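In what follows, a single structure is set out as structure tokens and then discussed.
The values are calculated or read from the model by the stated rules, or taken from the named source; none is laboratory data. The shown structure was predicted, so the numbers you read here are calculated from the model rather than taken from an experiment. Here the Cβ positions follow ideal geometry from the backbone for every residue, glycine too, while neighbour counts run over all protein chains shown. Ligands, DNA and RNA are excluded from the accessible area calculation, which covers all protein heavy atoms including side chains. Shrake-Rupley method; radii C 1.70, N 1.55, O 1.52, S 1.80 Å.
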Amino acid sequence: MIRIQWTASGLRLPILLPVTILLGVLASDAVAQQPSTKPPNVLFIAVDDLRPELGCYGSPIAVTPNMDRLASQGLLFNRAYCQQAICGPSRASLLTGARPDTIGITHNYVKIRQLNPDIVTLPQHFGENGYDTVYFGKVFHHGDLDPTSWNRQPVPSKNAADKKLFKGGFALPENQKINQETLQQMKAKYGDVARFGLAMGPAYESADVPDNAYRDGYHTDLAIETLKELVAEGDKPFFLGLGFNKPHLNWVSPKRYWDLYDREKIPMAAQTAGPAGGAAVGLHPSFELRVRSGIPKIGKLDPELSRTLKHAYLACVSYVDAQVGRMIAALNESGVRDNTIIILWSDHGYHLGDMGIWCKATNYELATRVPLMIWTPDMPAGSRGRTTDALVELVDMYPTLCDLAGLKLPAHLEGTSFQPLIENPDAPWKTAAFSQFPSPALREWGSYPIRPAMRETYFGPLLDEVEAHIQAQMGDKWDRDLFENDLTGYAMRTDRYRLIAWKDTLHPDAEPVFTELYDHQTDPSETQNIADENPNLVADLLTQLKSAAHGR
């Protein structure tokens, strides 16, 4: 163990890091500055459920030296936003370059090709332009691997026992057993509906195992071996996607990453209530966490459990950071770093007890704001180590990478290339970023409308509770069919404000059913809905939102 931590300007002490983390940090110094005349490679790093809980984003606790180091060498986006704060729709949007309503994907249980059979995805476009495209881990959403997007198989594992690994994602036999028994119990009690996330085993695990005992370390091993093969062949540029499952639930990681933190010093959520006057439909009862074994099915979490859960989340963040370091170290050692674009992103943000809830799936800043950073071989020296406050969106990544690689932009793209911001991080930019989410309080945790059978499970009391709050707020506007199936919150983040318009999607030109407005200049934590006090401002912002929607 060695004490070290990077800042943008160098080293500071003292944080205790495993050697696995240290090797990635030190290797990342070997960065060539001379661009190549060959088409650039792309290292496309996806991190699941990662909010900006990183040192480079100002976290006082997160141990993330490798992502911090990448940010210190490249450009960090301080105000980047996803298009929908849940895995499937967010990834479908950014990988197709089109917004959720355009492609029709607003929940986790539909594949891109089911609704968009001919759309050209980001990796597919690179593949059609002479690139080897290959991925590891979670790039598209689970269950939607889209083989059309990839033209190369990864190096196979040499470990014949791999298929027996990762039972339910757990390394410890006792947790594997809990996971299997709980799932069997749910199936016996509720039938087929149990497969839609009613039993997921324990919420966390700390095991004294090597990094590759869990999926992210294992996939990093394979990505590094495949990188070596790609470089050895050397006849094509590559687009290599490496998708990390953590810090998605369940929060499982090697014990060494838990040991980086003093649990008593972990800062907990300061704002534990929803916004005053906010939409009752806008906050869910933490469905995704509650399906885990050992988590209360209704009511508040006790302080000790909350602290353990945040500790578990942070440990997973540090575990992923170590894998990022290993991958970048391998890229440096391969000799092709000086011709490889590195972009790192998360599919959405996250609540860790903030606003009284856990997980993603809201329209608020906490769930829609994401980490995003990029390094390019030929970016100006004045842009390296910079942070930009420009409003950008994940849907912008597709056109940006095309521009950086010199590829023609497909006609269907709805994002804006932020290549100019790499040249000048202070350039004037977008006036707004857009996100959306359908009825968070009345959706299953995959964003799917409540299945009738779900009301017979332990979801029933939770739904009764949230429905009572919504009915009390909405009065005669309450309509269960509308609120469960056809109500969507459309969020617009401007330089100063967040507007959320809750609209009937069957009547998109009608006035919103409910409106929220938050002033980030005076209320950055979004504690007070000020829509009713500012009708003229709301009207102007609604006009801007409507204009943007019609312009897509």
Complete set of residues in the range 441-475 that are within 26 Å of Pro512 (Cα to Cα) and among the basic types (Lys, Arg)
Arg443, Arg451
Name the residues in the range 325-341 that are open to solvent by less than 10 Å² (accessible area, probe 1.4 Å) and either out of contact with any Gly (no Cβ under 7 Å at 6 or more places or on another chain) or of a type in the set (Ser, Thr, Tyr) (or both), would you?
Met327, Leu331, Arg337, Thr340, Ile341
Output for the range 63-97, where each listed residue is of a type outside the set (S, T, N, Q) and more than 17 Å from the chain's Cα centre (by Cα)
Val63, Pro65, Asp68, Arg69, Leu70, Ala71, Gly74, Leu75
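Is it the case that Trp429 is open to solvent by 20 Å² or more (accessible area, probe 1.4 Å), more than 30 Å from Asp532 (Cα to Cα), in contact with a strand residue (DSSP E or B) (Cβ under 9 Å, 6 or more places away or on another chain) and aromatic (Phe, Trp, Tyr)?
For Trp429, the condition - open to solvent by 20 Å² or more (accessible area, probe 1.4 Å), more than 30 Å from Asp532 (Cα to Cα), in contact with a strand residue (DSSP E or B) (Cβ under 9 Å, 6 or more places away or on another chain) and aromatic (Phe, Trp, Tyr) - is not met.
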For the range 199-221, what are the residues that are part of a loop (DSSP other than H, G, I, E, B) and either within 17 Å of Tyr257 (Cα to Cα) or of a type in the set (Lys, Arg) (or both)?
Ala203, Asp208, Val209, Pro210, Tyr214
Candidate set from the range 60-104 (those that are open to solvent by 10 Å² or more (accessible area, probe 1.4 Å) and assigned to a loop (DSSP other than H, G, I, E, B)); member that is farthest from Trp429 (Cα to Cα):
Ile61
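Looking for whichever is in a loop (DSSP other than H, G, I, E, B) and open to solvent by less than 30 Å² (accessible area, probe 1.4 Å) here; the options are Ser435, Ser417. Which one fits? Before you say what the answer is, go through the steps one by one.
Numbers: Ser435 fails: in a loop (DSSP other than H, G, I, E, B).
Selected residue: Ser417, the only one of Ser435, Ser417 that is in a loop (DSSP other than H, G, I, E, B) and open to solvent by less than 30 Å² (accessible area, probe 1.4 Å).
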Could you tell me whether any residue of the range 373-381 is within 20 Å of Ala92 (Cα to Cα), modelled with pLDDT of 95 or more and open to solvent by 50 Å² or more (accessible area, probe 1.4 Å)?
no
Criterion: at pLDDT 95 or above, buried (at least 23 other Cβ atoms within 10 Å of the Cβ), under 20 Å from Met355 (Cβ atoms) and not aliphatic (A, V, I, L, M) - qualifying residue of Gly277, Gly282
Gly282
I'd like the residue in the range 105-119 that is in a loop (DSSP other than H, G, I, E, B) and either out of contact with any helix residue (DSSP H, G or I) (no Cβ under 8 Å at 6 or more places or on another chain) or not β-branched (Val, Ile, Thr) (or both) and, out of all such residues, is nearest to Leu407 (Cα to Cα).
Asp118
Looking across the range 231-274 at residues that are under 23 Å from Arg326 (Cβ atoms) and among the acidic types (Asp, Glu), the single one that is surrounded by the fewest Cβ atoms within 10 Å (Cβ to Cβ) is Glu233
Can you name the number of the only condition in (1) without any contact (Cβ under 8 Å) to a residue 12 or more places away in the chain; (2) open to solvent by less than 40 Å² (accessible area, probe 1.4 Å) that Ala411 fails?
(2)
